[in-house]
1. Relative contact order for the chain: what is it in percent, counting Cα pairs under 8 Å that are at least 6 residues apart?
2. Along Cα→Cβ, 7 Å out, is where each label goes; now give me the distance between the ones at residue 159 and residue 44 in nm to one decimal.
3. Per DSSP H run of n ≥ 4, the term is -39500 (n - 2.57); total these for the chain, divide by its residue number, and report the mean residue ellipticity at 222 nm rounded to 500 deg cm²/dmol.
4. Quick one: net charge of residue 38's neighbours, Cβ under 13 Å, K/R +1, D/E -1?
5. In square angstrom, what is the accessible area per residue of the chain with a 1.4 angstrom probe?
6. Scan (1) 49, 37, 26; (2) 45, 40, 32; (3) 66, 31, 28 for the value of Cα extents along the principal axes in Å calculated from this model and give just the label.
7. Quote to one decimal, in nm, the extra length available between residue 151 and residue 214 on full extension: 0.36 nm per residue of separation minus the C-alpha distance between them.
Amino acid sequence: MNFLTILPLAVVMVAGTQLVVAVFLASSDRPRAASLGFLAGAGLVVAAGVTVAWSLTRLVGGVAADATAVAGKVDRGPAIDLVVLALLVILAVLIWVRRNRSGPPRWLGSIEHAGPPQALRLGALLFVATPTDDLTMATVGASVARHDLPWWHLVPFVLLTVLLLALPLLALLLLGSRAARVLTRMREWAEGHAWIVNEIVIAFFALLTVLDLIRSG
């Protein structure tokens with residue numbers, strides 16, 4: 001496993017309300033400033049979330065290794081794989097249950113005049129308060145730690161997450177007045193079909209985790 005393996009989970013992080021909010025901010029009174037604030041808040045939370053999961057997994061794994069070292073054999077990999085697999089199952093169930101929720105959240109209308117500070121707080125709170133994002137960050141951090149990969153393997157995941165969130169802003173910068181149609185299509189896709197892509201990505205990562213379990217068994 002390397003950092004390329006976890007990159008698809010960045011889609012799960014943003015596909016849904018997160019992308020819808022990014023679209024709304026790109027259409028707000030101060031689209032550039034608000035979008036940059038939103039991206040900063042989201043990036044900080046995602047970086048912190050995967051780092052905490054990575055650190056805790058390494059800490060718990062190290063304690064477990066010390067406790068079992070007297071037996072002459074230490075293999076914490078399968079246990080972490082089972083935890084990751086459980087997180088993926090919970091994540092898939094949550095996305096399935098929430099799949100029929102349509103339309104933007106009611107509070108989106110209040111961000112039409114959002115400035116950078118408000119957008120930054122929104123980006124941070126949105127990722128902290130969304131269970132699917134919390135589970136995804138925990139899965140990514142635990143998976144990287146399980147394979148004894150250094151912290152920097154988390155960086156491409158964080159950057160890709162922010163880049164995907166930045167797509168509405170990039171569309172605005174590149175297309176100018178023609179961006180309205182593209183932004184509308186982004187919002188409609190996120191509201192209606194994102195859950196399908198999410199489930200496919202989760203199934204793919206779950207398969208990789210099962211293969212890790214089989215190889216370590």
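The values are calculated or read from the model by the stated rules, or taken from the named source; none is laboratory data. What you see is a predicted model; the values in this text were computed from it and never measured. Cβ atoms come from the backbone with ideal geometry, glycine included; neighbour counts cover every protein chain shown. The area values use the complete protein model at the heavy-atom level, side chains included, leaving out ligands, DNA and RNA. Shrake-Rupley method; radii C 1.70, N 1.55, O 1.52, S 1.80 Å.
1. Values: 285 pairs, mean separation 98.9, N = 217.
Relative contact order for the chain comes out at 46 percent.
2. 2.1 nm
3. On the way: 11 runs with 166 residues, N = 217.
When only DSSP H runs of four or more count, the value is -25000 deg cm²/dmol.
4. Working: positive: 30, 32, 121; negative: none.
Neighbourhood net charge equals +3.
5. Numbers: 10940 Å² over 217 residues.
Result: 50 Å² per residue.
6. (3)
7. Values: separation 63, 0.36 × 63 = 22.68 nm, distance 2.55 nm.
Going from the current span to full extension adds 20.1 nm.
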